[in-house]
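See below for the structure under consideration.
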Amino acid sequence: MNKFVKDNRYLIAILFSVILISFSFLVRFTYSKYQESVQNNKTSRVALFLGDGMVVENLTDDDEMVPGETINIPVSISNFKGASQTETSYTYNLSLENFASLPLEWTLKKDGVPESLLYSGKMTPGKKQELTDEFILTVTWPEDMNDYSYAGQLKALRLRLDTQQLD
């Protein structure tokens, strides 16, 4: 028998390979119960979310702020923009980033009540009810901080709005 295997080893290897390949093709049909297909209809879409965007504004029209001056900047966050309305609930975080070397002070008020400068809120979908949260950011340069070394210094405040969709 050893002589037969030794003389026909290539033929046995080819025959074994053919049997193995044909068996693997037959076995795949036994796993067909796990096969599934998904079809996508043409009407699927993503819910409208108005949370992406950034607005940067100067503190004053002439870009000059002096000691003793106070500027009020209105800020509003809503769940609609023109005719477009959000279709999901979302939370938002309002924070103030200060890149200035000037001695500025600031407060954030909502409906006349002082709020933390790390304010968090929630909006419902605009389809249910149009909502707007109104804020006033008050920036003040104290009058007693009028040292000449502040002349020509950088003043940059950025009110940052981060939104996160909930639904």
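Every number in this text was worked out from the coordinates using simple rules, so none of it is lab data. These numbers were taken from a predicted model, which means no experiment stands behind them. Ideal geometry is used to build each Cβ from the backbone, glycine not excepted, and the neighbour counts take in all protein chains shown.
The table below lists the values:
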{"read-out": "Summed side-chain charge close to residue 110 - residues other than residue 110 whose Cβ falls under 12 Å, Lys, Arg +1, Asp, Glu -1", "value": "-3"}
{"read-out": "For residue 88, distant residues with modelled amide H under 5 Å away", "value": "126"}
{"read-out": "Separation of alpha-carbon centers, the range 64-103 and the range 107-167, rounded to whole Å", "value": "5"}
{"read-out": "Over 21 Å [Cα-Cα, the range 74-167], rounded percent", "value": "45"}
